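The values are calculated or read from the model by the stated rules, or taken from the named source; none is laboratory data. All figures in this text were calculated on a predicted structure; none of them were measured in a lab. Positions of Cβ are backbone-derived with ideal geometry, glycine not excepted, and every protein chain shown enters the neighbour counts. The accessibility values were calculated without ligands, DNA or RNA, using every heavy atom of the protein model including side chains. Shrake-Rupley method; radii C 1.70, N 1.55, O 1.52, S 1.80 Å.
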Amino acid sequence: MDVRAHMSMIFHLDKCIGCHTCSVACKNLWTDRKGAEYMWWNNVETRPGSGYPTGWEDQDHYRGGWKKGWVGVELKLHSRPRGLANLFYNPALPDLQDYYEPFTFRYEDLFTAPEGDDQPTAIPISAITGEPMNIESGPNWDDDLSGSAIYAANDPNWKDVPSEVQAQMAEIERVVFNYLPRICNHCLNPACVAACPSGAIYKRGEDGVVLVNEDKCRAWRMCVSACPYKKVYYNWSTGKSEKCILCFPRMEIGQAPACAHSCVGRIRYMGVLLYDADAIRWGAEGDEKDLIDRQLDVILDPFDPDVIAAAKQSGLDDGWIDTAQKSPAYKFVKEWGLALPLHAEYRTMAMMFYVPPLSPVVSTIEEGLIRLDLPPEQVDFELFDNLEKARLPIKYLANLFAGGNEALIRGILRKMLAVRIYKRRQSVEGEIDEATMNMVWSAGTSPEEIEAIYKLTTVPTIADRFVFPPYHREMAAESMYGDPLARKGDTGLGYSVPPERGA
Amino acid sequence: MNWNMLLFIVFPYVAIVLAIVGTVYRMIRRPFTVSSLSSQLLEGRQLFWGSVPFHWGIVVILAAHLVALILPAGIEVWNRVPIRLYLLEITGLALALWALFGLGMLIYRRVSVSKIRAVTTPLDLVVLGLLLAQVITGILVATVYRFGSYWGTGVFVPYVQSLFTLQPRPELIAPLPFILQFHASLFFVFLVVFPFSRLVHIITVPLGYLTRPFQLVKWVRRDRPVSSEREPVGAGRR
C-alpha cells in the first residue's frame, strides 16, 4: 500500500445556480492573456447540452481517455509508435471553431467615426487576426438553451434514453436543465500525462495536481486530444499547452482555488482524499460496471490505523492525516456515498466529484403530480417511490455520472430526498412520523447522517467547506535551497524568462 | 583566401560552432522558446496536406543523406546492381517531389490564411524560403546531374569527413557545378539559422516516448532530502 494524498473538489450540483462567477474568477486570474482568450479552465455548461468544446463527450470523434487493451488499459488516442507518427498532424485535435474564435470589438471606431446621421458602432473583430468577423459562437453560447435542437439534441448523454422521451424534453413546457461546472479533474490515471510525447505533463506526488511543464512542452498537442474532458488547451500564441492548475499557489497558502472561493451558490467543497497509488492500475482496468466501485476502493479510509501507519511510512505528516479525517470530500464521496466522478467510463479516474442534482428531478414530479387534493408531503413520498417519473430522466444523469448505472443515481437521489423530507417534517411539522422514518431507513440513511448531510449542505461555514492541509512551503524551500533565508528575496512571482512565443 | 575556401572551410566551421553553441544555450537557458509552434488549432485541413507530405518526405531524404555520409560503403554495395540504383534514385526523387508539394502547400497556407499570418514571424518565412530553395536545388541535382547516390560517395563523403577530421579539403567541391555547390553551402546556412528559428524543434523529437512509463509523478520534497539530512547548499552563498 503506497498511500498518497489528493486535493479533491466536490461540486454539489443541487446548489449550482449557473452564475458563472467561478469561470470569471478563473479567467481574470489565469487566462486573461493573448493566446488564452478562448480557454476556460473552469467553465459551466447547461445540461442537457453539448458542452464546451462542442460535443467533448463524443470520444468516437475526439478519442480521449483509455480503453481496455490486451494487457491493462491503452490510450484511445494512440499506441506509442503511432503517437510519434502523428506528430506532424494530430488527427483528433479539436479545431478552434469547436471552442470558438475569440473576439473583441473595435471600440476606437466609436470615437474616430466621422460625424453623421447614424450612431457609430463598434464592430466585432477577431482577437487573433484583428480583422472584422462574424461571431458565430462564444463563451456559454449554449447557456440555458436546454431543449434546443442545436445544443441539447446533440448531447451524447442521451444514449439509451428513448427517442420519444428526448422529443418530450424539447417541448417548451417540459424543458428542464441543470448546470455542470467543470475544471480539470486532476485524474489518478491521467490520459494527458500518458499521451505527452515530451513527458512535459506530470502529477504532483504531494497533492495530485496535474501540471504542464511549459519549458518541456514542444507543442505536439497530444494532451489536448487525449484528455477526454478536453481540459488541456493549446495556447496558439506561445505554442504551449496550458491547463487548470487547481490554483496550487493559493492552496499552498491555505486558500481555496479561485473558482471555489468565489462560488456564489457555495456548491464547492474541498479536502484531502487518501488513495493507494499501488491500486491505480487495478482501479483503471476493471469492467465498465465495476469502475466506480473500484475507484472508491482505491480511496482509503483515513481513520483506519493500517492506512494511517502506511501514510506515515509514505511520508505524510500528521497535518495531512488530520485534514484527511476532517475532509468534506471524504464525507461526500465515501462516508455518505453521495458524490460520483464525471464519466468514470473514460478510465482516467477523475478526482473531482459531483453530487447529482435533485432539484430538476423534483420540479418534474411536482409539475406532473401536484393536485389540489394532494398535500405536499404526499407529493414527496410519491416522488420517493417513483423516481422514474422524473422530468429529467434518471438515465440521463446515470450516463453523466455513473456510466449508465441508474441504480447508483437512484440510490443517491433517494438519500438526498430523504434528507429533504426528514428536515421538512422536522421543521414544519415539528415531529417525525413513522412513515418518514421508514423512508429514512429505506433510503439507507439514519437521522444522525441526515443531520450531518444537512449541516454540510445547507449551513456550512467556509472552514467546513474548505479543509486545507499544512503544505509547509517553507520546508519545501528549505529542502531546495538548504537555508531558506539564504535565498530570501530570490524567488517569488515573476519570470526568469518572459513566456513569449519563440521563433 | 578564395570563395571556395570561404564557403567550404570558414563558413562550415562558423556555422557548426554557431549551431551547437546556440542550440545548447537555447535549450538550457531559453527552454520556453523551444517549440514546434504548431498552428493546427487555427487551421487543420491545409496543414494536413502540407505538413504530412513535407515532413515525411524531408525526414526520409535527410536520413538517406545521413546514411550516405556515415555508411558510404553500404550505398556503394547497394548501387552495384543498376536496377537497385534506379530504384534508389527514383524513390528519392519521388519523395523530394512529395516534400515539394507539401512545402508548397505550407507556404500557400502561411501567406493566404489570415489566422496563420497572425502567428507568423519573419524568421518563419526565411525558413520556408530556405527550404524551398534547398528542395528545388536538390530536385535539380537529382534530374540534371543524375545518380548522385553513385558519384556523391566519392565527392561529398570525403569532403564532409575532411571537415570532421579538421583537415578540410574544399578542393573536392571546387570543380563541381554551381547548383551542387549552392545545395551544399545552403546546408550550412541552415545550420546558422537552426538555433534562432523554429528549426530547433528537429532535435526535440521525443523518441523517449517509446520507453518512458506512462504516468509521471513528481515530488517537491521527496526528490530532495531536507537540509537536516545533507549539507545545506545555500550555506556558503553569503
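Considering each residue of region A:138-149, count those that are at negative phi, touching a residue at least 40 places away in the same chain (Cβ under 8 Å) and open to solvent by 40 Å² or more (accessible area, probe 1.4 Å), and give that number.
Residues flagged as at negative phi, touching a residue at least 40 places away in the same chain (Cβ under 8 Å) and open to solvent by 40 Å² or more (accessible area, probe 1.4 Å) within region A:138-149 amount to 4.
Looking only at region B:160-186, filter to residues that are among the polar types (S, T, N, Q) and assigned to a helix (DSSP H, G or I); which one of those is most open to solvent (accessible area, probe 1.4 Å)?
Our first condition is that a residue be among the polar types (S, T, N, Q); within region B:160-186, this holds for B:161-162, B:165, B:167, B:181, B:185.
Keeping just the survivors that are assigned to a helix (DSSP H, G or I) gives B:161-162, B:181, B:185.
Values: B:161: 94, B:162: 6, B:181: 42, B:185: 16 Å².
Ranking the qualifying residues of region B:160-186, first place goes to B:161.
Give just the number: which of (1) within 11 Å of chain B (Cβ to nearest Cβ); (2) touching a Cys at 6+ places or on another chain (Cβ under 8 Å) does residue A:235 not satisfy?
Here residue A:235 meets the rest and fails (2).
Identify, by number, the condition in (1) over 19 Å from residue B:59 (Cβ atoms); (2) open to solvent by 60 Å² or more (accessible area, probe 1.4 Å); (3) part of a helix (DSSP H, G or I); (4) of a type outside the set (S, T, N, Q) that residue B:157 doesn't meet.
Going through (1) over 19 Å from residue B:59 (Cβ atoms); (2) open to solvent by 60 Å² or more (accessible area, probe 1.4 Å); (3) part of a helix (DSSP H, G or I); (4) of a type outside the set (S, T, N, Q) one by one, residue B:157 breaks only (2).
Having 2 or more residues that are away from chain A (no Cβ under 11 Å), without any contact (Cβ under 8 Å) to a residue 24 or more places away in the chain and surrounded by fewer than 18 Cβ atoms within 10 Å (Cβ to Cβ) is the bar; report the helices (runs of 4 or more DSSP H) wholly within region B:32-141 that clear it. Please lay out each step first, then the result.
On the way: elements: B:45-70, B:72-78, B:82-112, B:114-118.
The qualifying helices (runs of 4 or more DSSP H) are B:45-70, B:72-78, B:82-112.
Yes/no matrix, rows are residues, columns are (1) within 18 Å of the chain's Cα centre (by Cα); (2) among the aromatic types (Phe, Trp, Tyr):
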position	(1), (2)
A:2	no, no
A:21	yes, no
A:41	yes, yes
A:53	yes, no
A:56	yes, yes
A:69	no, no
A:76	no, no
A:88	no, yes
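Filter region A:93-137 for residues that are without any contact (Cβ under 8 Å) to a residue 12 or more places away in the chain and surrounded by 13 or more Cβ atoms within 10 Å (Cβ to Cβ) and give the result.
Within region A:93-137, A:95, A:113, A:120, A:129 meet the criteria.
Look at residue A:433 and say whether it is farther than 23 Å from residue A:152 by Cα, of a type in the set (Asp, Glu), open to solvent by 10 Å² or more (accessible area, probe 1.4 Å) and touching a residue at least 24 places away in the same chain (Cβ under 8 Å). Break it down stepwise before answering.
Numbers: farther than 23 Å from residue A:152 by Cα: yes; of a type in the set (Asp, Glu): yes; open to solvent by 10 Å² or more (accessible area, probe 1.4 Å): yes; touching a residue at least 24 places away in the same chain (Cβ under 8 Å): no.
Considered against the rule, which asks whether it is farther than 23 Å from residue A:152 by Cα, of a type in the set (Asp, Glu), open to solvent by 10 Å² or more (accessible area, probe 1.4 Å) and touching a residue at least 24 places away in the same chain (Cβ under 8 Å), residue A:433 comes out as no.
If I filter region A:158-216 down to residues being of a type in the set (Asp, Glu) and out of contact with any helix residue (DSSP H, G or I) (no Cβ under 8 Å at 6 or more places or on another chain), which single residue comes out as nearest to the other protein chains (Cβ to nearest Cβ)?
Residues of region A:158-216 of a type in the set (Asp, Glu): A:160, A:164, A:171, A:173, A:206-207, A:214-215.
Applying the additional criterion that residues be out of contact with any helix residue (DSSP H, G or I) (no Cβ under 8 Å at 6 or more places or on another chain) yields A:164, A:171, A:173, A:206.
Numbers: A:164: 38, A:171: 38, A:173: 41, A:206: 6 Å.
Selected residue: A:206.
Just to be sure, is residue A:328 in contact with a Ser or Thr (Cβ under 8 Å, 6 or more places away or on another chain) and modelled with pLDDT of 95 or more? Even if it seems obvious, please write down each step before you answer.
Working: in contact with a Ser or Thr (Cβ under 8 Å, 6 or more places away or on another chain): no; modelled with pLDDT of 95 or more: yes.
So residue A:328 does not fit the description; no.
Residues that are modelled with pLDDT of 95 or more and part of a strand (DSSP E or B): does region A:35-43 have at least one?
yes
Which of the residues spanning region A:442-458 are touching a helix residue (DSSP H, G or I) at 6+ places or on another chain (Cβ under 9 Å), open to solvent by 50 Å² or more (accessible area, probe 1.4 Å) and assigned to a helix (DSSP H, G or I)? Spell out how you get there, then give the answer.
Going through region A:442-458, the residues touching a helix residue (DSSP H, G or I) at 6+ places or on another chain (Cβ under 9 Å) turn out to be A:442-447, A:449-458.
Checking which are open to solvent by 50 Å² or more (accessible area, probe 1.4 Å) leaves us with A:442, A:444, A:451, A:454-455, A:458.
Selection gives A:442, A:451, A:454, A:455, A:458.
Could you tell me which residue of region A:67-81 is surrounded by the most Cβ atoms within 10 Å (Cβ to Cβ), considering only residues that are closer than 19 Å to residue A:221 by Cβ and within 11 Å of another protein chain (Cβ to nearest Cβ)? Reasoning before the result, please.
To start, the set of residues in region A:67-81 that are closer than 19 Å to residue A:221 by Cβ comprises A:75-81.
Next, from what is left, pick out any that are within 11 Å of another protein chain (Cβ to nearest Cβ): A:75, A:78-81.
Values: A:75: 23, A:78: 21, A:79: 12, A:80: 17, A:81: 10.
This residue is A:75.
It is to be established whether one or more residues within region A:203-211 are at pLDDT 95 or above, crowded, with 24+ Cβ neighbours inside 10 Å, closer than 16 Å to residue B:41 by Cβ and in contact with a strand residue (DSSP E or B) (Cβ under 8 Å, 6 or more places away or on another chain).
Among the residues of region A:203-211, not one is at pLDDT 95 or above, crowded, with 24+ Cβ neighbours inside 10 Å, closer than 16 Å to residue B:41 by Cβ and in contact with a strand residue (DSSP E or B) (Cβ under 8 Å, 6 or more places away or on another chain), which makes the answer no.
Return the total of residues in region A:225-246 being in contact with a helix residue (DSSP H, G or I) (Cβ under 6 Å, 6 or more places away or on another chain) and either open to solvent by 10 Å² or more (accessible area, probe 1.4 Å) or farther than 29 Å from residue A:93 by Cα (or both). Working first, answer last.
First, pick out the residues of region A:225-246 that are in contact with a helix residue (DSSP H, G or I) (Cβ under 6 Å, 6 or more places away or on another chain): A:226-228, A:232, A:234, A:241.
So of that shortlist, the ones also either open to solvent by 10 Å² or more (accessible area, probe 1.4 Å) or farther than 29 Å from residue A:93 by Cα (or both) come out as A:227.
Of the residues in that region, 1 qualify.
Restricting to region B:209-238, give me the number of residues that are modelled with pLDDT under 95, loosely packed, with under 13 Cβ neighbours inside 10 Å and outside any loop (DSSP other than H, G, I, E, B).
Residues that pass the stated criteria total 2.
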